[in-house]
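*Asks:* Here it is, the structure in full.
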Amino acid sequence: MNMQCEQFEQILEQRDEGALPKPALAHLETCEACRALSADFGAIHDMALELGHDEIAPPERVWISLRNQLEAERLILEPQAAPRSASRASSGWWSVLQHPAVAGAFLGLVLAAASTVGYLSNFAQTSVHSQLAFQQESSPVPAADSVFKEEVLTVGSDSIPGLQRQDTAVTASIRRNMQIVDNFIAICEKSVREQPDNQMAREYLYGAYQQKAELLATAMNRSMPGGLQ
Amino acid sequence: MDASRTGTVTRTRRTETSEMTEAEAIRLAQQGDAGAFERIYRLHSRRVYALCLRMVGNTAEAEDLTQDAFLQLFRKIGTFRGESAFSTWLHRLAVNVVLMKLRKKTLPETSLEESTDPEDESSGPRREIGAPDLLLSGSIDRVHLERAIEQLPPGYRQVFVLHDVQGYEHNEIAGLMDCSIGNSKSQLHKARMRLRELLQETLRSLARQERQAAKGSGS
């Protein structure tokens, strides 16, 4: 490499985009090596620019981890606190229920409503069994599920005196309340299935199982002669 | 609510989220809306991840950096007032996250002082007198270039990715990397020289393989 080539390389290094100065162009005409160098730099630059338009999707775990972090830092606000557009507000009570505090309060209200009922009756064994079958098929949390089943088995119609008594209004009310709790359990189970690592969703599910067991236990106690009623 | 209805609601919400414009997503994200955060992430994560991957050349680190970049973004999104394009803002933030992370690592072979010293004749690749020059134009493809970029020392790679891949100017790189414009130019030049060497080696290797394959098929 002679002196001229070194100078050319310095010019190449220091220049910004644009044409080379005349002395450099003159050198290029006489130097094959520098011509090749300049052409190679151009080829590398052009190919690199193409790479700049590339988009590579990160693995989904990046978003899951990011979302958990956002929740932990409370950057994602409670659904009712974050203003939404009118169309998005239509997701209604379902989305509101997904928040633990609201869901807990809601279930508490359900229990309170149940406790005001004078007496409970007509818990058909078939209904209990259908609930058990549902839980057996879809529960992603076996430990909580087994605890729940133990609780529910204690409130079968065979073991609850007076359970066969009929009271249409109360029965309908109880069924509605049970349906709400069951729906909440279904939502929780869906969340756990979709986000197995979401500890919060698992806690809600455990809580929902517990609420249902307590509800059924309360129903059983109130149906007994001399119960709280 | 039965399971099918739950699914419908979920699908509807996803559709709404995916139809959200960037401006609406930014506004809602500033109010803490979860769907808006996800929308912004889905819109920009590919570009940010690609940037991180090219800057560090390691998928695990690139994932961490992508997460860090978006976390920083969402922490600061309340301050975004729309003076610049959102993507530019995010991009610059991602670059800063990557550079901050790399600064924390000990990289003796690529420290700015060492590799950008203009008096240091031993630093950086040099052209050899009489060395045969293979013309790269028309011979290299993006796969070879990507592999060569991965082999660059981190210091060279950062400047090359910022300038030639991402299109930053030297004065911007100097600001981002806290170095002089001259240093940025010097680093870029050395990166290109090293890339040229690596690509020429690749071409020679490919030529050898072809010759061997031709020999094998001829015998």
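*Asks:* Given the criteria open to solvent by 20 Å² or more (accessible area, probe 1.4 Å), over 26 Å from B:Arg92 (Cα atoms) and either at pLDDT below 95 or out of contact with any helix residue (DSSP H, G or I) (no Cβ under 8 Å at 6 or more places or on another chain) (or both), does B:Ser217 qualify?
*Replies:* So B:Ser217 passes the test.
*Asks:* Return yes or no: is B:Arg196 among the charged types (D, E, K, R), open to solvent by less than 30 Å² (accessible area, probe 1.4 Å) and touching a residue at least 40 places away in the same chain (Cβ under 8 Å)?
*Replies:* Yes; evaluated as a whole, the condition is true for this residue.
*Asks:* Then there is this: Mind listing whichever residues of region B:162-190 are assigned to a helix (DSSP H, G or I), facing chain A (nearest Cβ under 8 Å) and under 18 Å from B:Ala50 (Cα atoms)?
*Replies:* B:Asp164, B:Val165
*Asks:* Now a separate question. Quick check: is even one residue across region B:109-121 open to solvent by 50 Å² or more (accessible area, probe 1.4 Å), at pLDDT 50 or above and part of a helix (DSSP H, G or I)?
*Replies:* The answer is no; no qualifying residue exists.
*Asks:* For region A:54-77: of the residues being closer than 30 Å to B:Leu145 by Cβ and open to solvent by 40 Å² or more (accessible area, probe 1.4 Å), which is farthest from the other protein chains (Cβ to nearest Cβ)?
*Replies:* That would be A:Glu60.
*Asks:* Taking helices (runs of 4 or more DSSP H) that do not extend beyond region A:19-95, which have at least 3 residues that are closer than 30 Å to B:Thr59 by Cβ and modelled with pLDDT under 90?
*Replies:* The helices (runs of 4 or more DSSP H) meeting that bar are A:32-51.
The values are calculated or read from the model by the stated rules, or taken from the named source; none is laboratory data. Please read these numbers as outputs of a predicted model, since none were measured by experiment. As a convention, Cβ positions derive from the backbone with ideal geometry for all residues, glycine included, and neighbour counts pool all protein chains shown. What goes into the accessible areas is simple: the full protein's heavy atoms, side chains included, and nothing from ligands, DNA or RNA. Shrake-Rupley method; radii C 1.70, N 1.55, O 1.52, S 1.80 Å.
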